[in-house]
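Notes follow the structure.
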Amino acid sequence: MRKFYSWIVNNPKKILITFLAAAIICGILQNFVSVNYDMRDYLPDDSPSTVALNKMQEEFDGGIPNARVMVRNVSVPEALEYKEKLSECTGVTSVMWLDDAVNIYQPLETLDQDAVEACYKNETALFTVTIEEKKRIEAVDEIRAVIGDGNAMTGDAVSSAVATTSTVGQIRKITVFAVLIVFLILTLTTTSWIEPVIVLLGLGVAILINSGLNLIFGEISFVTNAAGAVLQLAVSLDYSVFLIHRFEECLIKEENSKTAMVDALCKSTSSILSSGLTTVIGFLALLFMRFGIGPDLGIALAKGVAISLITVFVFMPCLILLMHRVMMKTHHRKFLPEFDKFGRFVSRIMIPMACICVILMVPGFLASNHNSYYYGSSRIFGRNTQLGRDTQAVEDIFGKCDTYVVLIPNGDADAERQLSDALHEISQVSSIISYTDTVGASIPKEYLEEDTLSQLISDDYNRMVLTVETDYEGEETFELVETIRETVNEYYPGAYYLAGEGVSTYDLMDTITADTMKVNLIAIGAVFVVLLLTMRSITLPVILVLSIETAIWINMAIPYFMDSVVFYIAYLIISSIQLGATVDYAILFTDRYMERREKNDKRDAIIKTIATVTPSLLTSGTVMAVVGFLLGYISTHGILSQLGTFLGKGTLLSLTIVLFVLPGFLFLLDGLVERTTRSAHFYHVKKEKKRE
């Protein structure tokens with residue numbers, strides 16, 4: 001490695017120009033990466049709802065209804081006028097209302113009241129709208145212009161459109177605040193005014209290259225787009241800080257800056273690589289999720305960390321050497337105090353803290369696995385947002401409602417009539433729009449208008465549109481989906497298709513809950529193996545992984561004790577991210593402890609280790625926590641906001657355990673660590689006295 005590093009420090013111009021050119025090119029390319037905000041697109045291709053949606057697109061032009069539009073203070077004729085205006089909006093392929101289910105030219109009092117009140121109640125009309133996936137933003141804007149701010153619209157298409165328009169601006173705001181706060185933190189924790197600029201420049205190059213290379217995927221998820229760059233910033237920051245601190249240490253013994261840099265690179269390679277590798281492994285565990293957002297985020301973040309590592313070992317040495325003289329001229333006194341007193345304080349409380357942590361492990365683990373969850377996208381915007389208020393307004397008048405679509409083979413009118421009767425008997429089904437229900441099987445198809453016929457019948461299938469009085473997700477919804485599937489299967493065994501937002505959410509729940517144990521075990525096992533190989537110890541990987549996992553359990557147990565609902569996707573993703581990102585703190589602490597332990601007894605080794613690593617840990621941990629809380633506070637997207645809050649709390653918990661609990665574990669298990677670690681040479685007072 002020394003030969004490779006020597007080549008790097010002796011060819012700075014080539015390396016600097018290459019990386020800066022790559023950053024500029026990738027910075028341009030990132031503008032061509034498209035972002036997908038629809039969670040249903042990330043369901044496995046073989047999930048029943050995905051198969052049903054694909055089949056529906058093959059058979060019918062209209063697609064599946066994905067929006068509900070409510071207009072107040074309208075008569076039936078006025079509602080029909082609104083229906084016509086909505087149909088003319090860009091991207092709207094179909095609009096269904098009361099006239100599609102019953103004969104509105106009869107007195108409404110004589111009609112099926114369940115069917116009427118599902119669409120028209122208290123002089124308020126509720127339209128079921130189908131919007132093209134690629135024209136959601138234009139459609140939602142035009143619909144809003146038609147109905148005005150005093151009316152409401154909700155549904156999956158509206159949610160995706162709002163997420164697309166709002167998240168872009170929020171990401172920019174988060175990035176600006178993150179950079180400013182990182183700059184402030186680095187200014188406080190470094191000893192040169194120019195050092196924060198150097199670190200941020202190196203990180204900026206790595207982030208731009210990673211963002212531009214996302215173009216190879218063609219499309220990324222909204223989670224990756226929103227959290228990828230700031231997570232890469234927070235995770236990779238400590239690599240550059242570690243290298244600079246090592247360089248400054250080596251400069252004390254070696255006057256030649258290039259030689260000192262080579263020494264610093266050689267000494268820091270092991271700790272930085274092991275930290276980076278565990279982070280990459282933690283992110284790559286997300287690849288084993290069947291739900292596509294996991295692999296999407298995992299690949300992007302793993303790629304980002306890998307690029308950051310390359311940047312730290314190749315680009316940063318050249319940049320640091322180029323700016324070395326400026327660093328010396330802009331040197332300032334330390335703003336942070338020495339942490340020797342803090343080390344002695346921790347040494348006095350570390351054993352009680354370790355005992356408290358052990359006590360919290362079991363309840364933390366149990367509580368973290370018993371949260372209440374949201375699985376879909378129906379609650380990603382809270383009541384303090386326009387969409388949240390619109391959703392509540394619709395539910396206040398028409399109750400919780402969703403639209404399901406059933407596709408059945410055509411040609412058997414009796415079976416279709418029996419199925420319709422059976423579906424009507426399900427209490428949550430308020431109305432059905434189908435050829436049999438709307439027109440009647442006795443009327444020949446050639447007497448129907450082409451527009452009406454094309455919405456209900458294709459060459460091979462009949463379509464039944466069900467309005468169901470239930471939420472988009474929850475136990476009652478999931479039971480209803482199972483009931484409808486069982487009912488339809490009685491009449492068309494294995495030959496039907498069922499789609500809808502609630503149906504997709506059911507499959508989403510079924511998919512991602514099956515991913516949980518698998519992803520967590522893979523992440524823990526992979527990190528354990530990496531630590532086993534790099535630390536050459538059986539005991540240390542157990543201590544480190546258990547410490548960080550305890551922080552994760554406590555983090556995820558907090559919502560349980562606060563009786564709050566968790567977005568399952570955020571819960572699943574944060575487990576891998578917190579493990580991969582914060583196990584670095586435990587690795588750094590343990591590496592320095594093992595070094596100190598060769599020349600000091602275990603208590604002194606603990607005190608000196610804490611004094612040495614606390615500035616670096618505070619720098620990295622504070623940045624990670626701040627980035628998380630910024631994402632949580634600024635983002636109105638529920639999943640992104642909760643993911644950020646979990647990241648902020650989780651980082652602080654991991655930092656607390658590494659600084660206050662891990663020392664106690666290492667102290668109490670010192671003898672076992674020595675016996676189970678290869679080439680461990682611990683200092684022992686008795687042995688030294690015998691030699692004298």
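Here is how the numbers come out for the structure above:
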{"item": "Subset of the stretch 282-292 [surrounded by fewer than 24 Cβ atoms within 10 Å (Cβ to Cβ) and in a helix (DSSP H, G or I)]", "result": "Leu284, Leu287, Phe288"}
{"item": "Selection count where residues are open to solvent by 10 Å² or more (accessible area, probe 1.4 Å) and over 30 Å from Glu473 (Cβ atoms), scope the stretch 506-531", "result": "5"}
{"item": "Sole residue being in contact (Cβ under 8 Å) with a residue 40 or more places away in the chain and open to solvent by 10 Å² or more (accessible area, probe 1.4 Å), chosen from Thr609, Thr622", "result": "Thr622"}
{"item": "Helices (runs of 4 or more DSSP H) wholly inside the stretch 1-87 that include at least 1 residues being under 30 Å from Glu123 (Cα atoms) and open to solvent by 80 Å² or more (accessible area, probe 1.4 Å)", "result": "76-87"}
{"item": "Answer from Leu215, Leu180, Leu200 - the residue that is modelled with pLDDT of 85 or more, in contact with a Leu (Cβ under 7 Å, 6 or more places away or on another chain) and surrounded by fewer than 20 Cβ atoms within 10 Å (Cβ to Cβ)", "result": "Leu215"}
{"item": "Matching option when the condition is more than 19 Å from Asp238 (Cα to Cα), in contact with a strand residue (DSSP E or B) (Cβ under 6 Å, 6 or more places away or on another chain) and modelled with pLDDT of 90 or more, among Pro559, Pro663", "result": "Pro559"}
{"item": "Filter pass, Thr582 being closer than 22 Å to Val545 by Cβ, modelled with pLDDT of 85 or more, open to solvent by less than 10 Å² (accessible area, probe 1.4 Å) and within 17 Å of the chain's Cα centre (by Cα)", "result": "yes"}
{"item": "Helices (runs of 4 or more DSSP H) enclosed by the stretch 329-437 - at least 2 residues per element that are under 35 Å from the mean Cα position of the chain (by Cα) and either crowded, with 16+ Cβ neighbours inside 10 Å or among the hydroxyl-bearing types (Ser, Thr, Tyr) (or both)", "result": "340-368, 386-398"}
{"item": "Scope the stretch 208-235; condition more than 18 Å from the chain's Cα centre (by Cα) and part of a helix (DSSP H, G or I); matching residues", "result": "Leu208, Ile209, Gly212, Leu213, Leu215, Ile216"}
{"item": "Flag for Val519 being modelled with pLDDT under 85 and aliphatic (A, V, I, L, M)", "result": "yes"}
{"item": "One residue from Leu200, Leu233, Leu251, Leu243 being touching a helix residue (DSSP H, G or I) at 6+ places or on another chain (Cβ under 6 Å), within 19 Å of Leu321 (Cβ to Cβ), touching a residue at least 12 places away in the same chain (Cβ under 8 Å) and of a type in the set (A, V, I, L, M, F, W, C)", "result": "Leu243"}
{"item": "Residue ID - farthest from Pro663 (Cα to Cα), chosen from residues in the stretch 532-542 that are open to solvent by 10 Å² or more (accessible area, probe 1.4 Å) and hydrophobic (A, V, I, L, M, F, W, C)", "result": "Leu533"}
{"item": "Criterion: more than 30 Å from Ser271 (Cβ to Cβ) and part of a helix (DSSP H, G or I) - qualifying residue of Thr550, Thr511, Thr470, Thr534", "result": "Thr511"}
{"item": "Qualifying positions in the stretch 100-126 - open to solvent by 50 Å² or more (accessible area, probe 1.4 Å), within 22 Å of Tyr404 (Cα to Cα), part of a helix (DSSP H, G or I) and acidic (Asp, Glu)", "result": "Asp114, Glu117"}
{"item": "Flag if Ala499 is of a type in the set (A, V, I, L, M, F, W, C), at negative phi, open to solvent by less than 10 Å² (accessible area, probe 1.4 Å) and touching a Gly at 6+ places or on another chain (Cβ under 7 Å)", "result": "no"}
{"item": "Criterion (touching a residue at least 40 places away in the same chain (Cβ under 8 Å) and under 23 Å from Ser564 (Cβ atoms)) met by exactly one of Thr676, Thr645, Thr656", "result": "Thr656"}
{"item": "Residue in the stretch 567-581 that is touching a Phe, Trp or Tyr at 6+ places or on another chain (Cβ under 6 Å) and under 23 Å from Met535 (Cβ atoms) present", "result": "yes"}
{"item": "Scope the stretch 322-345; condition of a type outside the set (A, V, I, L, M, F, W, C), farther than 28 Å from Ser257 by Cα and free of Cβ contacts under 8 Å to residues at least 60 places away in the same chain; matching residues", "result": "Lys341"}
{"item": "Search result, residues across the stretch 88-99 that are open to solvent by less than 40 Å² (accessible area, probe 1.4 Å) and either among the aromatic types (Phe, Trp, Tyr) or out of contact with any strand residue (DSSP E or B) (no Cβ under 7 Å at 6 or more places or on another chain) (or both)", "result": "Cys89, Trp97"}
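The rows are residues; the columns are (1) open to solvent by 50 Å² or more (accessible area, probe 1.4 Å); (2) at pLDDT below 85.
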site: Gln232; (1), (2): no, no
site: Leu237; (1), (2): no, yes
site: Glu249; (1), (2): yes, yes
site: Ser257; (1), (2): no, no
site: Asp263; (1), (2): no, no
site: Thr269; (1), (2): no, no
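The values are calculated or read from the model by the stated rules, or taken from the named source; none is laboratory data. This is a predicted model, so every value here is computed, not measured. Cβ sites come from the backbone with ideal geometry, for glycine too, and all protein chains shown count toward neighbours. The area values use the complete protein model at the heavy-atom level, side chains included, leaving out ligands, DNA and RNA. Shrake-Rupley method; radii C 1.70, N 1.55, O 1.52, S 1.80 Å.
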